[in-house]
Amino acid sequence: MTERIISVEHLSKRYGKQLALNEVSFVVEKGQVLGVVGPNGSGKTTLFSILLGLRKPNSGSFSIFGQTNPEDVRAKVGVILDQGNFYAGISAKKNLTISAMTKNVPLAKVDELLEKVGLGEVGSKPFKSFSYGMKKRLEIADALLSDPELVIMDEPTNGLDPEGVIFIRELIMELKRQGKTIVLSSHYLEEIQKVCTHFLILKKGELVFHGSQEAVLGKFDSLESALTNKL
Ligand SMILES: Nc1ncnc2c1ncn2[C@@H]1O[C@H](COP(=O)(O)OP(=O)(O)OP(=O)(O)O)[C@@H](O)[C@H]1O
């Protein structure tokens with residue numbers, strides 16, 4: 001039987017006169033890897049920030065793990081946004097240790113995750129000395145600390161070198177094998193096509209397509225042609 005992880009109903013969001021999301025509805029089931037794609041300004045970040053409880057919708061509703069308040073499911077959700085909220089002057093390891101203590105996670109997980117994201121050898125260096133890609137890796141380690149069932153990533157490969165892009169791809173594949181549910185946005189269509197089971201296409205705040213990888217490719221040659229097509 002399928003398990004609903006996210007359920008979104010008629011979600012709308014305005015910023016003044018700007019309609020950023022218009023009556024968006026969809027469901028994400030356990031184990032799906034949903035790629036949210038759309039041109040600049042189509043509403044992807046707005047959608048994510050509502051799901052994370054950072055913004056309030058003007059109308060519509062949503063639930064995650066059956067709960068309508070994202071705060072109530074915080075421990076089950078790993079979030080990868082942009083370079084996290086870390087203390088600049090202290091080491092990556094200390095930053096992660098503080099986070100583990102806040103999240104009530106065994107401290108042994110800190111070294112395990114630093115290794116996993118390829119920061120094992122630089123864990124004692126201060127966060128401020130890290131490159132963009134290293135900061136992103138630390139953000140990923142932080143998101144995975146509590147072994148979340150749902151991982152939400154806003155443009156995880158943005159600004160990464162090819163090795164970083166491959167790392168993210170393999171990480172998503174591994175999380176998928178573990179039965180985790182993943183929702184991510186990206187402008188790198190070829191890349192996202194390699195990992196996603198489902199896609200949601202937004203244009204000017206409208207959901208213009210939502211379906212499986214097979215459904216997209218059954219209808220269009222590629223994700224790119226689905227996006228550029230006048231859906
Ligand atoms: N804080 C804000 N105040 C006013 N308008 C906003 C705000 N945030 C977003 N918008 C507008 O809402 C619309 C959707 O923006 P959003 O950032 O959600 O799109 P996006 O798909 O994530 O874009 P990108 O691909 O460029 O990251 C855009 O028209 C944008 O200008």
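The values are calculated or read from the model by the stated rules, or taken from the named source; none is laboratory data. Keep in mind that what you see is a predicted model, and the values were worked out from it rather than measured. We place every Cβ from the backbone using ideal geometry, glycine too, and count neighbours over all the protein chains shown. What goes into the accessible areas is simple: the full protein's heavy atoms, side chains included, and nothing from ligands, DNA or RNA. Shrake-Rupley method; radii C 1.70, N 1.55, O 1.52, S 1.80 Å.
What is the residue count in region 31-48 for residues that are at negative phi and buried (at least 16 other Cβ atoms within 10 Å of the Cβ)?
12
Please pick out the residue among SER99, SER124, SER146 that is open to solvent by less than 50 Å² (accessible area, probe 1.4 Å), in a loop (DSSP other than H, G, I, E, B) and more than 30 Å from LEU223 (Cβ to Cβ).
SER146
Any idea which residue in region 205-217 is least open to solvent (accessible area, probe 1.4 Å), counting only those that are out of contact with any strand residue (DSSP E or B) (no Cβ under 8 Å at 6 or more places or on another chain) and at pLDDT 90 or above?
Residue satisfying both the conditions and the ranking: ALA215.
Can you tell which of ARG74, ARG14, ARG55 is open to solvent by 40 Å² or more (accessible area, probe 1.4 Å), within 12 Å of the ligand (Cβ to nearest atom), of a type in the set (D, E, K, R) and not in a loop (DSSP other than H, G, I, E, B)?
That would be ARG14, the only listed residue that is open to solvent by 40 Å² or more (accessible area, probe 1.4 Å), within 12 Å of the ligand (Cβ to nearest atom), of a type in the set (D, E, K, R) and not in a loop (DSSP other than H, G, I, E, B).
Determine which member of the set LEU107, LEU145 is closer than 29 Å to LYS30 by Cα and either in contact (Cβ under 8 Å) with a residue 40 or more places away in the chain or touching a His at 6+ places or on another chain (Cβ under 9 Å) (or both).
LEU145 is the lone residue from the list that is closer than 29 Å to LYS30 by Cα and either in contact (Cβ under 8 Å) with a residue 40 or more places away in the chain or touching a His at 6+ places or on another chain (Cβ under 9 Å) (or both).
I'm checking my understanding of the structure. Among residues of region 58-71 that are of a type outside the set (Ser, Thr, Tyr) and surrounded by fewer than 15 Cβ atoms within 10 Å (Cβ to Cβ), which one is farthest from the ligand (Cβ to nearest atom)?
Going through the qualifying residues, I end up with GLY66.
Considering region 17-41 alone, what residues qualify as being more than 17 Å from PHE209 (Cα to Cα) and modelled with pLDDT of 95 or more?
Scanning region 17-41 gives LEU19, LYS30, GLY31.
When you look at ILE80, is it away from the ligand (no atom under 16 Å from the Cβ), open to solvent by less than 60 Å² (accessible area, probe 1.4 Å) and either farther than 20 Å from GLY179 by Cα or not basic (Lys, Arg) (or both), yes or no?
Answer is no for this residue.
Hey, among LEU189, LEU200, which residue is within 16 Å of the ligand (Cβ to nearest atom), in contact with a helix residue (DSSP H, G or I) (Cβ under 9 Å, 6 or more places away or on another chain) and open to solvent by less than 20 Å² (accessible area, probe 1.4 Å)?
Result: LEU200 is the single residue among LEU189, LEU200 that is within 16 Å of the ligand (Cβ to nearest atom), in contact with a helix residue (DSSP H, G or I) (Cβ under 9 Å, 6 or more places away or on another chain) and open to solvent by less than 20 Å² (accessible area, probe 1.4 Å).
Starting from region 160-187, take each residue that is closer than 17 Å to VAL79 by Cα and list its partners that are among the polar types (S, T, N, Q) and not in a helix (DSSP H, G or I), counting only C-beta distances under 7 angstrom and pairs at least six apart or across chains.
Correct list of pairs: ILE168/THR157; THR181/GLN32; SER186/THR157.
Could you tell me whether any residue of region 163-175 is assigned to a loop (DSSP other than H, G, I, E, B) and surrounded by fewer than 20 Cβ atoms within 10 Å (Cβ to Cβ)?
Looking for residues that are assigned to a loop (DSSP other than H, G, I, E, B) and surrounded by fewer than 20 Cβ atoms within 10 Å (Cβ to Cβ), one finds none in region 163-175, hence no.
Give me the residue from region 149-162 that is more than 16 Å from the ligand (Cβ to nearest atom) and not in a loop (DSSP other than H, G, I, E, B) and, out of that set, farthest from SER99 (Cα to Cα).
Going through the qualifying residues, I end up with PRO162.
In this structure, is PHE220 away from the ligand (no atom under 16 Å from the Cβ) and either closer than 19 Å to LEU47 by Cα or surrounded by 16 or more Cβ atoms within 10 Å (Cβ to Cβ) (or both)?
Considered against the rule, which asks whether it is away from the ligand (no atom under 16 Å from the Cβ) and either closer than 19 Å to LEU47 by Cα or surrounded by 16 or more Cβ atoms within 10 Å (Cβ to Cβ) (or both), PHE220 comes out as yes.
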